[in-house]
Amino acid sequence: MKRIGMLRIAQESNALAPVLSEVEDFAHDREGDDLLQATRPGQTEVIGFMKDAELSGFCRAVRERPGFEIVPLFSVWAFPAGPLSHRALATFRERLRRALDAAGPLDGLFVSLHGAMVGEEGSRPETVLLDDLRDLLGPDLPIAASIDLHAHLTPDFVDPLTLIVAYRTNPHRDHADTGYRAGRLLLDVMQGELRPRVAWRHLPMVMGGGNTLDFLNPMRRVFRRMAELERHPRVASVSLCMSHLWLDAPDLGWSTYVVTHDDPELAERIAEELADLAWSVRFELPPEFPDPLTAIDQARAARLRRRLGTVCMADASDLVGAGAPGDNTRLLGALLDHARDMRCLAAIRDTPTAQALYDERIGSTQRFTVGGRYPGSSPALELTGRVLARSVHPAFGRRVALDVGHVQLVVSEKAPLVAKPSFYRELGLHPSRADITMVKVFFPFRLFFALHNRLSIYAKTEGPTDLDAALRVAFDRPTHPRDFVESWRPADRARRQG
Ligand SMILES: [Zn+2]
């Protein structure tokens with residue numbers, strides 16, 4: 001039996017968010033036999049979040065092929081948030097060393113990473129961990145990684161890995177499938193059936209928003225071409241990474257990554273072709289988001305749609321789904337001041353206020369403050385409201401619902417990832433009865449609210465998930481769309497050589 005280690009250390013970072021991520025923020029944390037059980041068919045791999053993710057997919061690939069034994073190390077995963085603290089990285093490094101010690105000799109390793117994790121002071125924790133893996137496992141042991149489509153590929157991330165497979169859906173729906181595909185290729189390598197030859201390209205472009213969905217143009221034709229390229233008998237895998245925007249990395253950009261069966265020339269050719277194709281869509285930028293007053297006017301004008309269903313308003317400058325802390329008071333303030341004729345549902349993070357209000361009597365009227373807790377965060381708001389309900393959630397901590405006039409507000413202890421109607425319903429609030437429902441993710445709410453949502457509005461104020469904040473980074477090369485860039489090739493050559 002050949003022994004394959006199985007590992008996950010994953011989080012998407014927002015380098016502009018003012019709160020560090022600590023070990024305690026990794027709500028998903030499983031290891032050993034418990035982890036192995038969790039990846040079995042019918043079991044839930046990431047409780048409260050996802051039934052089958054990368055490790056379940058990887059295990060399925062292994063179970064299909066006799067002669068391999070899975071050695072479960074550990075799996076930790078956190079919601080997107082601020083940079084990983086030095087302390088947390090040190091803890092994970094030590095845990096990795098101990099887990100590999102205990103595992104005994106391995107013949108291969110599967111690791112699920114995000115690829116866009118940032119540490120304190122702009123460090124890249126994933127490259128430190130990959131360096132550790134190579135130190136501990138030697139230069140030749142096959143290591144396959146699954147990564148997020150928003151990964152930021154750099155030489156020190158690419159080089160330690162035997163092969164990489166990225167998600168190819170956005171919003172992401174193929175976690176398990178990506179683990180499965182990476183797992184099968186790893187088994188092929190271990191059986192000597194695949195001699196992987198890797199090539200990749202870097203593109204000096206930073207783009208996000210509504211134009212990077214896999215099932216809509218302009219990206220649909222790019223992903224279709226990738227599927228065509230993979231039909232070639234010597235092509236093992238083709239990936240495109242549309243890097244996360246808020247990494248504060250001077251070398252940020254998209255990348256293409258190709259694995260072939262022992263054909264370096266073909267790998268280079270396809271990585272190049274796909275880079276040209278991805279570069280060709282760069283001028284198809286998404287429309288700018290309205291300011292809060294315009295957004296509120298748009299909701300007001302949608303009278304019939306408000307009556308027939310929900311109008312979701314995404315707090316585009318405070319997207320918890322993209323790592324913002326969820327404490328921005330600007331859109332909430334605008335709803336309080338300028339949407340008095342409409343019923344609104346809103347959410348905000350304020351740790352001390354949520355903790356204090358949690359112990360207050362239901363029905364009592366309270367004066368409280370939200371926001372303004374971190375350096376550079378939005379102004380604090382002084383509010384008065386009646387306590388309606390409270391609950392404790394595994395990820396959002398203590399939550400208190402309050403009636404603040406025309407706004408029903410949920411104050412949460414931890415970042416409120418408002419993506420589903422259940423975020424409000426669990427506290428007795430009903431999006432179907434509201435005129436405006438605030439959400440704190442970029443896209444997934446469209447899936448979860450699909451049945452009732454009649455209009456989606458993205459309101460921009462000022463915060464760590466703004467495109468202009470991403471473009472204020474000190475890039476080391478001209479970067480599209482901040483700069484006019486004639487060709488992607490000079491930046492690719494410079495940055496890929498490290
Ligand atoms: Zn992603």
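Give the total of Lys-Lys pairs in the chain with Cα-Cα distances below 26 Å; include a pair only if its members are 8 or more places apart or on different chains. Don't skip to the answer; put the middle values down first.
Working: LYS51/LYS414; LYS51/LYS420; LYS51/LYS440; LYS414/LYS440; LYS414/LYS460; LYS420/LYS440; LYS420/LYS460; LYS440/LYS460.
For the chain, qualifying lysine pairs total 8.
Stretched out fully, how many nm does the piece from GLU265 to ASP131 gain, at 0.36 nm a residue minus the Cα gap? Mind showing how you got there, number by number?
On the way: separation 134, 0.36 × 134 = 48.24 nm, distance 2.75 nm.
Extending this stretch completely gives an extra 45.5 nm.
If you average the C-alpha positions of the range 462-481 and of the range 121-142 separately, how far apart do those two centres end up, in angstrom?
If we compute the Cα centre of each part, the gap is 28 Å.
Within the range 15-47, whose backbone N sits under 13 Å from a point 7 Å along Cα→Cβ of ARG472?
Within reach of a label on ARG472: 16-18.
Taking the Cα centroid of the range 174-230 and of the range 483-498, what is the distance between the two, rounded to the nearest whole Å?
Taking the Cα centre of each part, the range 174-230 and the range 483-498 sit 21 Å apart.
Sum up the charges of everything whose Cβ sits under 13 Å from the Cβ of ASN328, counting Lys and Arg as +1 and Asp and Glu as -1, but leave ASN328 out. Spell out each step's value before the answer.
Values: positive: ARG330, ARG349, ARG373, LYS440, LYS460; negative: ASP315, ASP318, ASP327, ASP350, GLU462, ASP466.
So the surrounding residues net to -1.
Can you give the extra length, in nm with one decimal, that the chain gains between ASN211 and ASP156 once fully stretched, where that is 0.36 nm per residue apart less the Cα-Cα distance? Before the final figure, lay out the partial values.
Working: separation 55, 0.36 × 55 = 19.80 nm, distance 2.91 nm.
So the extension gain works out to 16.9 nm.
Evaluate the relative contact order of the range 211-329 (contact order divided by residue number), counting alpha-carbon pairs under 8 angstrom at least 6 apart; express in whole percent. Please report the intermediate quantities before stating the final value.
Working: 92 pairs, mean separation 19.5, N = 119.
Computed value for the range 211-329: 16 percent relative contact order.
With a/c under 1.5 counting as rounded, go ahead and sort the chain into rounded, prolate or oblate using the C-alpha gyration tensor (a ≥ b ≥ c being the square roots of the eigenvalues; past the cut-off, prolate if a/b is larger than b/c, else oblate). Mind showing how you got there, number by number?
Details: a/c = 1.98, a/b = 1.52, b/c = 1.30.
The shape class here is prolate.
Where nothing but the Cβ of Lys and Arg (+1) and of Asp and Glu (-1) is charged, how large is the charge dipole of the range 292-459 around its Cα centre, in debye to the nearest 20? Walk me through the intermediate numbers first.
Values: 23 positive and 14 negative charges, 116 e Å.
With Lys and Arg at +1 and Asp and Glu at -1, about 560 debye.
Starting from the Cα-Cα distance between ARG493 and ARG224, subtract it from 0.36 nm times their residue separation and give me the gain in nm to one decimal. Could you put the intermediate results ahead of the total?
Details: separation 269, 0.36 × 269 = 96.84 nm, distance 2.67 nm.
Between ARG493 and ARG224, full extension yields an extra 94.2 nm.
Provide the packing ranking of 17-28, 58-69, i.e. peptides ordered by the mean count of other C-beta atoms within 10 Å per residue, highest first. Don't skip to the answer; put the middle values down first.
On the way: 17-28: 19.1, 58-69: 17.2.
Output ranking for 17-28, 58-69: 17-28, 58-69.
Calculate, for ASP29 and ARG340, the FRET efficiency according to 1/(1 + (r/R0)^6) with r their C-beta to C-beta distance and R0 51 Å; round to the nearest 0.05.
Numbers: r = 45 Å, r/R0 = 0.88.
The formula returns an efficiency of 0.70 here.
Between the range 37-55 and the range 310-355, how many Å separate their Cα centres?
31
Could you tell me which of rounded, prolate or oblate describes the range 1-145, using a ≥ b ≥ c as the square roots of the eigenvalues of the alpha-carbon gyration tensor, with rounded for a/c under 1.5 and, failing that, prolate when a/b is larger than b/c and oblate otherwise?
Details: a/c = 2.16, a/b = 1.38, b/c = 1.57.
Oblate, because a/c is 1.5 or more while a/b does not exceed b/c.
Go through LEU252, THR437, SER123 and say which Cα lies farthest out towards the positive end of the charge dipole of the chain; charges sit on Cβ, +1 for Lys and Arg, -1 for Asp and Glu.
Checked the options; the winner is THR437.
Please give the peptides 415-428, 120-133 ranked by average Cβ packing (other Cβ atoms within 10 Å per residue), highest first, as a rough proxy for protection. Don't skip to the end; give the middle numbers.
On the way: 415-428: 20.8, 120-133: 18.2.
Highest mean packing first, the order is 415-428, 120-133.
So what's the net charge close to TRP488: Lys and Arg +1, Asp and Glu -1, counting the other residues with Cβ under 14 Å from its Cβ? List each step's numbers first, then the result.
Numbers: positive: ARG201, ARG282, ARG477, ARG489, ARG493, ARG495, ARG496; negative: ASP251, GLU272, GLU273, ASP276, ASP483, GLU486, ASP492.
My count for the surroundings of TRP488 gives 0.
Could you tell me which residue out of ALA474, ILE362, LEU73 lies farthest along the dipole of the chain toward its positive end? Charges go on the beta carbon: Lys and Arg +1, Asp and Glu -1, centred on the Cα centre.
So the residue furthest toward the plus end is ILE362.
Under a plain spin-label model, where a point goes 7 Å from the Cα along Cα-to-Cβ, how far apart in nm are ALA102 and GLU22?
2.4
Under the classification rounded if a/c is under 1.5, otherwise prolate if a/b is larger than b/c and oblate if not, where does the range 292-459 fall, given a ≥ b ≥ c as square roots of the Cα gyration tensor eigenvalues? Don't jump to the answer; show the numbers that get you there.
Values: a/c = 1.42, a/b = 1.36, b/c = 1.04.
Judged from the Cα gyration tensor, the range 292-459 comes out rounded (a/c under 1.5).
Under 17 Å from a label point 7 Å along Cα→Cβ of SER280: give me every residue in the range 477-496 with its amide N that close.
Residues 487-489 qualify, since their backbone N sits under 17 Å from the label point.
How do 362-368, 160-166, 87-93 rank on mean C-beta neighbours within 10 Å, highest first?
On the way: 362-368: 12.6, 160-166: 23.3, 87-93: 17.3.
Averaged packing, sorted descending, gives the order 160-166, 87-93, 362-368.
Quote the relative contact order of the chain in percent (integer), defining contacts as alpha-carbon pairs under 8 Å separated by 6+ residues.
Across the chain, relative contact order equals 16 percent.
Hey, rough spin-label estimate for ASP403 and ALA380, points 7 angstrom out along Cα→Cβ, what's it come to in nanometres?
Taking the simple label geometry, ASP403 and ALA380 are separated by 2.7 nm.
If you place +1 on the Cβ of every Lys and Arg and -1 on the Cβ of every Asp and Glu, how big does the dipole about the Cα centre of the range 82-125 come out, in debye to the nearest 20?
It works out to roughly 80 debye.
For n ≥ 4 DSSP H runs only, could you compute -39500 (n - 2.57) per run for the chain, divide by its residues and tell me the 222 nm figure to the nearest 500?
Numbers: 16 runs with 150 residues, N = 498.
Taking each H run of at least 4 residues, the total per residue is -8500 deg cm²/dmol.
Using 1/(1 + (r/R0)^6) with R0 = 45 angstrom and r between the beta carbons of ALA90 and ARG3, what's the FRET efficiency to the nearest 0.05?
Numbers: r = 27 Å, r/R0 = 0.61.
With a Förster radius of 45 Å, E is 0.95.
Bear in mind these aren't lab numbers, they're just calculated from the coordinates by the rules spelled out. Keep in mind the model is a prediction, meaning the values are calculated, not measured. Note that we place each Cβ from the backbone using ideal geometry, even for glycine, and neighbour counts take in every protein chain shown.
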